[in-house]
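Okay, structure first, notes after.
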Amino acid sequence: MGSERKPPQTKVLILASLSGGYRGADSVGQLHTDYPSNTYILPVISAAIFPESFYLNSFEQGIDAILVMFSGTDSPFKGSAEKTAEIINHAYALMKERGIDTRRLRLVAICTVCTAAFLREIHRMEALLEEIGPVSAELSASPAPEPEPQPA
């Protein structure tokens, strides 16, 4: 018996808006279609409620990739798509500062019946993670961020 060690399984978090991404996930489930078991779906009203720090904290806690799936400009919440994109863009800048590959965070529009697109995005992220590995390697290679000064 060999003592081969399996590489640690990566974790993919999906923030799925109720008006788009989550309904796409539900459609995949209704078709009894499989996707990787390391994929965790969190239904949200809008990803715009998550600040940039949420993404960095998620990576620091062991989430290797995040897909933000929403209905795009079809969102029933006015300004939600624009605000989400703004937050994601700021998160990219913070990720670069920490040495985290920005491809680990993707913002994608998924409609209510977009089963093929939903699965394609998951498999695309899985392929990327096979290429770049877990986020822990990037975090251990980068220096810790300087603490922000506290107001007096």
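Each reported figure results from applying straightforward, stated rules to the coordinates on display, with no laboratory input. Everything quoted here is computed from the prediction, not taken from an experiment. Glycine also receives a Cβ, built like all others from the backbone with ideal geometry; neighbour counts cover every protein chain displayed.
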Tyr40-Ser53 pseudo-label distance in nm [points 7 Å out on the Cα-to-Cβ vector]: 2.0
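Quick one: compute the contact order of segment 12-138, relative version, from alpha carbon pairs under 8 angstrom and 6+ residues apart, as a percent. If you can, show how the numbers build up before the last one.
Numbers: 199 pairs, mean separation 47.4, N = 127.
Value for segment 12-138: 37 percent.
With r as the distance between the Cβ atoms of Ala116 and Lys96 and R0 = 22 Å, compute the FRET efficiency 1/(1 + (r/R0)^6) and round to 0.05. Write down the numbers at each step before the final one.
Numbers: r = 32 Å, r/R0 = 1.43.
Efficiency, rounded to the nearest 0.05: 0.10.
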Sorted by mean Cβ packing within 10 Å, highest first, what order do the peptides 57-69, 84-96 take? 57-69, 84-96
Average the reciprocal distances over every distinct pair of alpha-carbons in segment 12-138, invert the result, and give the Kirkwood radius in Å. 14.5
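Which order do peptides 127-134, 97-104 fall in by mean Cβ count within 10 Å, highest first? Each step should come with its number before you reach the end.
Working: 127-134: 14.6, 97-104: 16.4.
In decreasing order of mean packing, 127-134, 97-104 become 97-104, 127-134.
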